[in-house]
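S.K.: Take this structure, written in structure tokens, and hold onto it; I'll ask about it next.
All of the numbers you see were taken from the coordinates with simple rules; none came from a lab. The structure presented is a predicted model; accordingly, all values stated were derived computationally and were not measured. Here the Cβ positions follow ideal geometry from the backbone for every residue, glycine too, while neighbour counts run over all protein chains shown.
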Amino acid sequence: MDIKSDEPALRALMLAGLDGDEASHKTLLMKLSAYLRAYFKGRLVRIGRGPADAEDLVQETVIALHTRRQTYDRSQLFTPWVYAIARYRLIDYLRRTKMSVMDVSVEEADEVLAADDPAAVESTLDLDTLMAQISPKARQAIRHVKLDGLSVSETAALIGMSPSAVKVSVHRGLKALSRLINQRS
Amino acid sequence: MKTEELINMLGTNLEPVKGGQLRKTLLVALAVAVGAVGAICLMWNALHMPADVQGGGHFGFKAIALAFTLGLAATGARILFTCAQPGQPVRKPLMLIGLLPLMVVSAACVAPAVLDPATWSTMILGGPWGTCLICIPIFAVIPFVAFIWALRKGAPTHLTLTGAVAGLVAGALGAAAVVVHQTGHSIPLIALWYGGPIALCAVVGGILGPRLLRW
């Protein structure tokens, strides 16, 4: 299955996810992570990096796709949006790790995300270590809402914040996590 | 960490996203930019800056200069909206933005040829060039900061280009403020002393882009 023929299905999942459908959003991210894995593995193997590095990049991109999803214009095609973010994250990664950016050519989305690879390995990222570095408020909010699965109002009652403050904390916390992951070398 | 765990975490208690939020943010930045430049325009006399050293009789040139600067700002602003979203084609609108300076520069090249060579030096140096060079970049600061703030809420993937366009729009707005009070009396002057500082702003924006917009 290649990503271009998958466009209508992926776009439908994205639109449902933007409207708040959890299952669609998770399915979408799982499908995309398989495409991203094949893409990044292919690029990184050429410069002598292993599957764990590729998995780091997959997770970095998955968080970017999630935290920046408000930048997707619902009237546009979905896969070029994914490709642009994936390519940006790859270039940023190569720059950070002092690899040559010349290795990344300017392909079209359909060439790049041509295959999927569901064989995930564990990344080198550790969620607990990352969580320890964000603000206590955001950490608490993410732990309850995102990891323990409590609702926003339950969390708000539990930690004595207003529901909107909980939402803001979760949002900021995820962005902070994303930043931490992007800045590691 | 397993990717599946991460995805489970991201998807749990998913908040719906309202459409057009990024657009609204950019519009706010644009409003702030235009407002700041408008305020500078109104304060011009209070700041004791010289208004129209040329005597104010050049309505035609003022209109051309205003059309040039505001045209640049408007086309550039449209490109900013596409730059903030990943995966949108930017090449075509960029050609559009190249068209305006090209028209003015070619007009500027033709003008000396049809005029008396004796007037060339006053034509090029006889304007408010000092004001332009200093004021345009200064006036561009607030708009530039507003654009960067908004773009950081988006996901620009071409950072140099995005920074350059932000600088260009900010510079063009700053130039429009100067045009309202002072205009040269020739097209080469408009091209040189307004186009030059705007280009400078774009270059500075391009250099700052990767630093300010990285995500």
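S.K.: According to a simple spin-label model (label point 7 Å from Cα along Cα-to-Cβ), what is the distance in nm between B:E5 and A:S153?
M.R.: Each label point lies 7 Å from its Cα, and together they span 3.2 nm.
S.K.: While we're on this one: Net charge around B:P16, counting only other residues with Cβ within less than 14 Å of its Cβ (Lys, Arg = +1; Asp, Glu = -1)?
M.R.: 0
S.K.: Set the Förster distance to 45 Å, then compute FRET efficiency between B:E15 and B:M103 from the Cβ-Cβ distance, nearest 0.05.
M.R.: 0.40
S.K.: Filter the cross-link list A:K4/B:K24; B:K2/B:K24; A:K146/B:K92 down to pairs whose alpha-carbon distance in this structure exceeds 32 Å.
M.R.: B:K2/B:K24; A:K146/B:K92
S.K.: To continue, here is another question. Using the Kyte-Doolittle scale, find the helices of chain A whose mean hydropathy is at least 0.5 and whose Cα atoms extend 15 Å or more along the helix's long axis, counting only whole DSSP H runs.
M.R.: Long hydrophobic helices here: A:7-18.
S.K.: What FRET efficiency comes out for the pair A:T124/A:S75, r = Cβ-Cβ distance, R0 = 45 Å, nearest 0.05?
M.R.: So the FRET efficiency works out to roughly 0.75.
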